[in-house]
Structures are given as structure tokens and as C-alpha cells.
1. Would you check the accessible area of residue A:486, probe 1.4 Å, heavy atoms only, in square angstrom rounded to 10?
2. Mind jotting down the three principal axis lengths of segment A:2-60 based on Cα atoms? Whole angstrom, largest first.
3. Sort largest first and round to whole Å: the equivalent ellipsoid semi-axes of segment A:74-163, each the square root of five times a Cα gyration tensor eigenvalue.
4. Distance in nm between label sites at residue B:233 and residue A:216, each 7 Å beyond Cα in the beta-carbon direction?
5. Under a straight-distance cross-link criterion of Cα-Cα below 18 Å, which aspartates and glutamates are reachable from residue A:90, leaving out those fewer than 8 residues away in the same chain?
6. Using a 10 Å cut-off on Cβ to Cβ distances, tally the other chain neighbours for every residue of B:82-92 and report the average as a whole number.
7. With an 8 Å Cα cut-off and a minimum separation of 6 or more residues, compute the relative contact order for chain A in percent.
8. Jot down the radius of gyration and Dmax of segment A:553-602, Cα atoms only, both in angstrom.
Amino acid sequence: MKQGTAQVTAEICKKFGNDRTRLMDIAIAVQDRFGCVSHEAMEEIARQVRSHRVEVESLVSFYAFLSVKPQGKVVIRLCSDIVDWMKGYKDVAEAMARELGITMGETTPDGAITLTHTPCIGMSDQAPAALVNSVVVTHLTPERGRQLVRDLRRHLDPQQLVTMVGDGNNEHPLVRAMVRNNIRMRGPVHFADFEPGSALRKAVEMTPADVIRTIKDSRLRGRGGAGFPAGLKWEMAANAPGEKRYVLCNADEGEPGTFKDRVLLTECADQLMEGMTIAGYAVGSDTGIIYLRGEYRYLLPYLQSVVEGRRRQGYLGRDILGRKGLHFDIRIQLGAGAYICGEETALISSCEGLRGDPKNRPPFPPQEGYLGCPTIVNNVETLCCVSRILLEGSDWFASMGSSRTTGTKVLSISGDCRKPGVYEVPFGITARELIEMTEAENAGTMLIGGPCRQMIGPDRLEGRICYDDLATGGAIIIFNRARNRLEIAEHYLDFFIEESCGYCTPCRVGLTLLKNQVHKVIDGAGEPADLVEMRDLSNFIINTSRCGLGQAAPNPVLGALEIGDLSSGFVAERKPGLLPGFDLSKAVIDAELRVGRQSKYV
Amino acid sequence: MNRVTFTIDGKEVKAIRGQTILKAADAAGVFIPRLCAYRDLTPNGSCRVCSVRVNGRIQAACVQTVAEGAIVENETPELLEYRRNIVDMLFVEGNHFCMFCEKSGFCELQALAYRFGIKAPRYPFLYPKRDLDMSHPHVFLDHNRCILCGRCVRASQDMDGKNVFQFVERGGRKRLQVNGDSLSETDLKATDEAVSVCPVGALMKKRVGYEVPVGRRRYDEKPIGDDIEMKGEK
């Protein structure tokens, strides 16, 4: 058996050309085969790709879906996002743990089933949800959770859990997922008909420079949230010196509450890949990579089939549309559970077979990106927009939305509302209109753009969704007035702490200190000075962190401080001579337990 | 033109195009505190102690290159506080006991704390449980004192031509790992640069801890950064 591990691992490495930069694929394949990437497997991988065991371990230990220690044959990952909590996560988790006879994070003694939790899996509109290996289960209840465990015990085959399939391509034989699209509003950019090849034909009739001109004229800005002008990015990459260029599609939407790219990948895969091909033509690239988040692995076989179909039709591969020398092909890089890889330089690191650590900037990816070559990284939705712009023209696109924010935006809306789902809306729509559309009653707080953006209270409902006002990558989470904003902030801090890469000090240490501070106030042990300290610490982390994660993670705390009156969390009474938040009897409890007697002075 | 001129706190500094702000400041005799940056090792911008404002934006001086006419702020009250915060955080993140640490007086973390006037950290200690690796005959690795600066990682690769150290895990669990089950299984030698570049007492040679008496150690006599500032006064 031991020899087996090394042998099989060596074969897997060979399949990926013993290429050090394909370490993600190698590690995922080994994990699939053995339920872990053991030290022995890491030694072998290192030998084959000419690396070192510790380098392989550096990568394996970084990603949540890879593990050095053995996991169960079936891994149940219950989504622990705040929306899942609101919809009953705790009861489901308890029911499943009890049925399995283990606690969260453990594996059954027979090594069959592991129960653990994972951040947002992009199913907030059908929460509570879980991943069972790569099979998605939604709308869980304690009873369904128990039944799921009993079924798995019997057959250990996650695919058999799929008893009914969702709408649209969720029914596709290569998808067959219980997931529902929940498209509540169909706009003209993404949910109108799209004929594969039609936009590409228009593009290749133009010069690459004219394609870039068209995108610039449309004033398309990045849909991932940062809003960088897409045409400008392309132009930078096209003009950067280099032999080879790359087009990367960021399909790693990990912002809690975001799921719109999941629906676009399911329903608009052709439009997306066509956008990538057009981008390749425009910037002079022959290689595209779709970085697909590990949580959406259930879409991989389907997306592969779309790639293959497009090759057959002459839309991908060599001599595209019969034009000599026009080459472009796409590979799909699977992620393995790391929110930070949605940050474009971390995404590049991951594609290179490294830990998902963001890179130092400058140089920016359009100058030096994937493997040091000029690279554009665009969001799924951005690339879908590209195809439509080529078809309908930049004027048509720019006529929608506002002057500085053109086109439409696909929103993922969830939380305390009756109609969670995907809405394609024109930019400029107000927060209040969203509340009405989704039939949210008694809305007290909204997160616009997920926790990394901004939290607004009832007084900001006239704000507009656009880059100059309420900017968003697409996640909108609605909370009713009964929800405690500071608790919401703490939940997201836990998320950011877990997902921080740990590279820089302010984010790695500061977020934990901030969380402790927030918890102290929630716990009723706070004092006014704690609020000042929370604000100072938040600003410090935002100002000094190296990448967007740390620069955004304290936003929910700042939002809660700004909107709400938090005085209910202050200590009611102060004992003279003691720090207000200090509880003497609590402080000595540990010592009392050790010595086995109670202090008579407390 | 291969030279650029910019200012640090109003002082005009000449630099070579492509140089980092930190290197340019060093050459000009302006001390910008740092921990993860070390001489010619490829800078990684991870500790953030060298945070400066460049044309209003906070950047790490060790990775940011100079630009003509840039206005760099170094010793503002805000930046001094931020640096104090970072040093404080590094203290509370690990388990540092200066009073009986062999590195005391040579330790850059301690020396920065003294320079910043830190008597006790402002944040509560996190008291993590960390390991000690004594397996190697001539070197030990005390994770309690590791500040994750990555100097040893880079020195092992770039200077020693090995790959003894890497970081594993992420977030608050991120830690230094050796290429093997323990340090003795690696090809680390006591003479490796990776050992000598450690700014704190995490990677230490055995049996030499008290060769220099307390009171006559490097930072007992002069504050950290003094050597750089001396250049500026000439």
C-alpha cells in the first residue's frame, strides 16, 4: 500500500507533465485519490516536480479543501455563512453531528464521513446549504440533515443524494444539481438570447485596437467590485512588452452573499468564454484560464464540455473561425477553498501552483502577471458584458445606467427577504427599490457588496447602486431590525480571520485583536473607550494591510459603529478600583479549577 | 536619466531609478524602521513596519520603488503610532520573554520597541501554544519567538541555495515549517545565512547565547538605526 501511494502520486504528477506550476491540479488529484495529501505523497510530488516537501506542504496547508491528515471518504461541508445561520444552520449542524455521533470537525471512527463547516458556498438564496464532496445540497432542515446522513451511511455516494434537479442548466446531464438559479429579473446584457460565435465574428472583423476602443467607449468597468475600467486594463496589457500574454477569468466569487457568477457560469458559459476569446484577440493572447472556485466544482464537467464544444465549432483552439494564426484556448483551473484567491494577484499565485498569497504591486498584472507575463484578470460578469457589447455596440451599452457607471449589474440578494435570488438591474437603482423588489420586511441593515464593502442603515436607502455611491461586486444581504449589527460584524470578522493569508502583520494579528474587542462589547463588558479603540484599530488595519482583504475586513465594524447606538453593550456598573471590563471572579476561575478550591476573596 | 530626486519628510533625497524607498533612504542616512527587510534579500513587504506615506498613500518602503518628485512621509505622528502598533502586535502574537532570552540586546524586535518607547504592549497577549525544535545538534528553532518575517525562508533559498524553511497554514495559524519532520532532518548547517539573519531569538545557534555579556550587546549601546543615521550626519 505504501509503495502504492508513491506510485499513484508519481503517475498523477506525470499526467500534469511534472510541471511545478500545476501543483494545484496535482494536489487536488492526490487529495481526491487518497482523501489527503500525506507527507509521503508530498515527498513524492516534490521529487517529481523538483521542489521540496515543505514547499508542497506550504501549498497543501493553505487551501481548506486540501489536507495533510486523512479525511473521510465523504466530507460534508456545512455552509456557516451568516445567512445560513439566520436560516437555521445551528440546528442542522447539531442534528447531523448527533446522527453521526461526532462533533464538528471530526471524522467517524470508521473513516467514512467527515463533518465540517465552510464559509459561503454561493448558495445564500437557498440556505442552509452544504457541500457533500462536490455535490450541493440546499434548503437543509434538521430532519433533512439526519436523513442525508442515514442515506450516506448506506451508500457513501454523494451523487445519490440528488433526488431532484434545479432549473435551467442545473438539469443538464453533466450538472444534475439540486441548485436553483432563482433568476428573478432578467436584463438585456446577460439573460437575453446569445448565439455562440456571433460576438466573436464581429470582433475579428475589427482590428484588436478597435475592439479595445469599443470596450473603452462602452465605459465598461470591472464587475468584481473594484470597478477598474476594463478597456484601460486591456490596453495596458496589449501595450506591455512580452512574448506571451494571458487572459484570466476570475470565477472565484467568494464574497459572502455572492452567487451571481454561479448563475452566469451555469446559464451563460458560452457568452463568458466568447468574452475571453475576444479579450485574447484584443490583447494578443492565445491562452485563457478560468479560475473556478472549488465550491463550484460540480459545474466543472459541464464547463469542460462547453470548452470542447467551442473547440469543435472553431471558436476555440487553433485557427479560430478559420483565420490562419488566430489561436486561443482555455483551461479551467480549479481552486480549493480560499477566499483570498478572488484577489487577482492571489488568483495568479494559485494558478502558478503557489499558496494563494497576494503579490506585491507594482508591477500590476497587465504589466507582469501570470508567470511574469502581461495578464488581464476579469470577472465572469465583466467578460459576459464584453460579448454583449460586441453584439449590440458600445453606445447601446453606455445608454444604460448612469454616466459614470454604464450597463447593468447582476446582483445576488439574500438574507431577510421573501424573494432572494439573482436580479439583473440597471445601475442607478436605489437600495429602497431593492428592498421592495425582494419583499424584505422591516429591513434594518443592508450590506452592499458583502462584508468587504459597506454596511448601511435605514437612513441610506435612497443611495444608488453605482461605483460613485453604493459600489458593489454583486452581494446584497438584507438584515431585519431585530438583528444586532455588532454580532453581524463579529461573524464576518471570524470569516476574515479564517480567510486571511497571514502574510502581513496588521491583517494576521490585528483582525484577531479587533474581534476580541468587538466580542467584549457584545459580551456586555465594554466601555466607551472600547468603541474608540475599535475605530482606531479598524483604521489602522485598513491603512496598513497589504492587500484588499485586510483593507476591507474592518468595514462591517466601522459600519456598525457608524449606524448604531452600541451603548447597550457597555458594562452597567463599575466597581471602584477595577478596570470596567475586568471580571475578577472570571479571571481566577482557571486557577481555582486547578487548585481545586474557591477563592474566599472574590 | 538614471537618477531620481524625491523628498522624505521634506529632506531632498537622490536615488537610483528602480531603487526601493527603503534602500534610497538608507543610502541617504534616513532611518525607516523595518523587520522583514534585510540587506540584499528580496524584500517581501510582510511586516509593514516600514510603512510610509508616498504621495499620501501608505506603502511599504521596502517594496515600493522611488519615483521622481515623490513626497514621502516617514516620521509623522500617525506613522509612528502605526509602527508601534505593529511591533506591539508582534509581541502579543508570540511568547516573548526578553528578560531571559539569549537574543536580548541583539534582538531587532526588542530594539525597535526601545526605540519607539514601548514599555508594555497596548494589546492583550494572545498566549499561543507553540513548539520548540531542539533536534538539530547546533541550531534550535523556538516558534514562540518567531515573528514570521520570512528572512530565513529567503536566505535559505537565495543565499544558501537550499530550501529549509517555508510557511505553512494561513491566517493566525500561519507558521514556519522545516523541510522534514524536524530541523535535524534538514540539510541546515549552523553556518547557514538562514540562521544568522533571524532578527529575533527564533533561530539560534546553540551554546553561544551568553558569549557577549548583557550591557555590552549591540543595542545596549546604540539604538537600532543609529548606523544608518550616522551616515546622514556626515
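1. For residue A:486, the solvent-accessible surface is approximately 10 Å².
2. 24, 21, 17
3. Details: eigenvalues 70, 38, 26 Å².
Output for segment A:74-163: semi-axes of 19, 14, 11 Å.
4. Result for the modelled spin labels: 5.5 nm.
5. A:81, A:99, A:106, A:125, A:143, A:416, A:487, A:490, A:494
6. Working: counts 5, 1, 0, 10, 7, 1, 3, 10, 3, 1, 3.
Partner Cβ neighbours, averaged per residue: 4.
7. On the way: 1206 pairs, mean separation 73.6, N = 602.
Computed over chain A, the figure is 12 percent.
8. 16.9, 46
The values are calculated or read from the model by the stated rules, or taken from the named source; none is laboratory data. Here the structure is a predicted model, which means the values were calculated and not measured. As a convention, Cβ positions derive from the backbone with ideal geometry for all residues, glycine included, and neighbour counts pool all protein chains shown. Surface areas here come from the heavy atoms of the whole protein model, side chains and all, with no ligands, DNA or RNA. Shrake-Rupley method; radii C 1.70, N 1.55, O 1.52, S 1.80 Å.
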